[in-house]
1. Quick one: would you say Val54 is within 12 Å of the chain's Cα centre (by Cα) and modelled with pLDDT under 90?
Amino acid sequence: MTQIQRSAQQRPVHVPVLWTVAHGPHRPVSVRVLARCLLRVRAFARELALTDHVGSGGY
């Protein structure tokens, strides 16, 4: 198994608050479901925006 080693110049990985709400155990189920839906919408909007800038594939 290959391990990825971070260099001293890399910053720590930032986890968005919405992801923490969507997958954290200390939230009501309805809040987690809503956050997961918002993450999907955000990902779709990002893919749609990137389609304009990438020449291959897309929607």
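1. No, not satisfied.
Matching residues to (1) at pLDDT 90 or above; (2) β-branched (Val, Ile, Thr); (3) exposed (fewer than 12 other Cβ atoms within 10 Å of the Cβ); (4) assigned to a helix (DSSP H, G or I):
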| site | (1), (2), (3), (4) |
| --- | --- |
| Gln5 | no, no, yes, no |
| Ser30 | yes, no, yes, yes |
| Val41 | yes, yes, yes, yes |
| Ala49 | no, no, yes, yes |
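The values are calculated or read from the model by the stated rules, or taken from the named source; none is laboratory data. If you're wondering where the values come from, they're calculated on a predicted model, not measured in any experiment. Neighbour counts are summed over all protein chains in view; Cβ atoms, including those assigned to glycine, are modelled from backbone coordinates with ideal geometry.
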